[in-house]
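Derivation of every value follows stated rules applied to the coordinates shown; laboratory data play no part. Quick caveat: nothing in here was measured; it's all calculated off a predicted structure. Note that we place each Cβ from the backbone using ideal geometry, even for glycine, and neighbour counts take in every protein chain shown.
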Amino acid sequence: MNILFVASELFPYVKVGGLGDVMAALPRAIRAQGADARLLLPAYPALLSSVGIHGETAVFPDLMGGGPARILRADAPGLPLYLLDQPAFFHRPGGPYDHPQDLARRFAALCWAAAHLGRAGDSAGWQPSILHGHDWPAGLMPAYVAYGDGPRPATVLTIHNIAFQGRFPASMLEDLRLPNRSFTPEGVEFQGDINFLKAGLSLADRISTVSPTYAREIQADGGHGLESLLAKRNGTLRGILNGVDHGIWNPAKDPHLVSHYDLKHPSRRAANRPDFQARLGLHEDPDAPIFATVSRLDVLKGLDLVLENVDHLVARGAQLALLGQGDPLIETAFRQVAARYPGRVAAFIGYDEALAHKAFAACDVILVPSRQEPCGLTQLYAQGYGAIPLVRRTGGLADTVVGVSPETLENGTATGFQFGEANGWVLGEAINRALDLFHDPIAWRQVQRRGMMAEFGWEGPARAYIEMYASIPGILALPQSHPPSNFRLTIDD
């Protein structure tokens, strides 16, 4: 089973959100199951300067009006790569989604290169039987396969966040090398525009998203206009939870921590607390519960609800730390509350991988109040590091956090706190529950320990993806080297 992943991010080289983490782990996990998984990415300078290059496998004199391009063979540790090297599109400063003037042509070029590899293979004779794209930048890949000539590999598209769809004017049809017949409701057209994500959802052989609850939500009122299409394709849609790369996220050996710890040595966690407080400018108060949020700053993340509760948190003796960047208005608001409460509230605006690790190892509660959260990795990292997540009951947050209640405390299954309505007052009530439990050390340690015991590795999700690939007609299943997976999470579970 040969699988080519197609994506726009790869940790640690290029990362904007959780997609980069997933691409660093999932292809490797699938390779560990016996499949030959490889990854196609744009040849960003950070990648070209860091990975091994083994020559070129295809050359294009001009691709999507961006000038000469070539596909390079390369490798990162444990993962064969193909890099679309097109200087006019990808050798520029800024993030992968900057420079909006050619955003459509840039990622259309990536999708075209994926379809080429799917039809022709590489110069060494390797050819994928499955092309697996991720999010809207890979959305046109199934279209180029469906409307092109030659061999037709199977296609899969995974939705990591349906709010981002890649919509562009219909006038770009010819520029993107799409035939006129593709511009229909069954093809790439959506409300008069070309919609990359919608194209992939219409034309891929299989669709997945990153949690069972999110798979249900996007067919109802959470599909950002694509609900009816997804409901129509219900039989091909599966929700499979993301996992955690324990080689990177492991408090027993995390190089960013001043003190390593695990379930057998939980007391060693405490030494990480003053280090984090000092770095953020918080008072080194050993008794103050520390609440934190590590997030992209976006209205969908529900951070306005946190802002509504800053006064309440401080009044109850807690500290609050924000790590993130994004919406300038949200950035400004958190800077203002940090200035109002020096030593009690801290706002780090930016992205710092090491500081994020320190936050999970030091904080008592990680706030994830998202209005919509496809899967979420923050709450998974938090549980593994002994920080108790407080989440809104949506998407993957609902699937991965067992809320504290009298019943779950009695039977020992609670791993965090949940709330329902996206409302500041309701979040405040959940904060009160967390603070009350914090002052019951025995119950707190029980919930903390249960979260650290939770298994969110990538082996189960990798098997679920392989099972999904094998359900495509013409794709042979891998020989069974493991017991049948019980991790096949579908929208019907």
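Going by alpha carbons, how many degrees (0 to 90, nearest 10) lie between the helix axis of 353-362 and the longest principal axis of the chain?
40 degrees
Label 7 Å along Cα→Cβ of Glu459; segment 251-268 residues with amide nitrogen under 15 Å?
Within reach of a label on Glu459, which here means backbone N under 15 Å from a point 7 Å along Cα→Cβ, segment 251-268 contributes nothing.
Take the Cβ-Cβ distance between Arg296 and Arg152 as r, set R0 to 45 Å, and report the resulting FRET efficiency rounded to the nearest 0.05.
Efficiency computed from Cβ-Cβ geometry: 0.80.
Any aspartates and glutamates with Cα under 16 Å of the Lys358 Cα? List them, leaving off those in the same chain fewer than 8 positions away.
Within the straight-line limit of under 16 Å, Lys358 reaches these aspartates and glutamates: Asp254, Asp262, Asp275, Glu284.
At 0.36 nm per residue, and after removing the present C-alpha to C-alpha distance, how many nm does the segment from Ile53 to Ala124 gain when stretched out fully?
24.1 nm
What distance in nm separates the two pseudo spin-label positions at Glu284 and Val16, each 7 Å out from Cα along the beta-carbon direction?
Placing both labels 7 Å beyond Cα along the Cβ direction yields 4.0 nm.
Mind ordering 462-468, 30-36, 305-311 by average Cβ neighbours within 10 Å, highest first?
Listed from highest to lowest mean packing, they are 462-468, 305-311, 30-36.
Mind checking the dipole of the chain: about its Cα centre, +1 per Lys or Arg Cβ, -1 per Asp or Glu Cβ, Debye to the nearest 20? Walk me through the numbers before you get to the answer.
Values: 42 positive and 50 negative charges, 124 e Å.
That gives the chain a dipole magnitude of about 600 debye.
Distance in nm between label sites at Lys232 and Ala163, each 7 Å beyond Cα in the beta-carbon direction?
Going from the Lys232 label point to the Ala163 one covers 2.6 nm.
Could you work out how far helix 18-32 tilts from the main Cα principal axis of the chain, as a 0 to 90 degree angle to the nearest 10?
So the helix axis and the longest Cα principal axis differ by about 70 degrees.
Hey, which lysines would be in cross-link range of Lys232, C-alpha to C-alpha under 25 Å, not counting anything within fewer than 8 residues on its own chain?
The reachable lysines, counting only those whose Cα sits under 25 Å from Lys232, are Lys198.
Any idea how far apart His91 and Asp262 come out in nm if each label point goes 7 Å out from Cα toward Cβ?
Result for the modelled spin labels: 4.6 nm.
Match the structure shown to one of the listed values (1) 24.0, 77; (2) 24.7, 96; (3) 22.9, 68 of Rg and Dmax of the Cα atoms in Å, computed from it, and give that label.
Read-out taken from this structure: (3).
Treating the angle as unsigned and between 0 and 90°, give the value, to the nearest 10°, between the Cα long axis of helix 459-470 and the longest Cα principal axis of the chain.
So the inclination is approximately 30 degrees.
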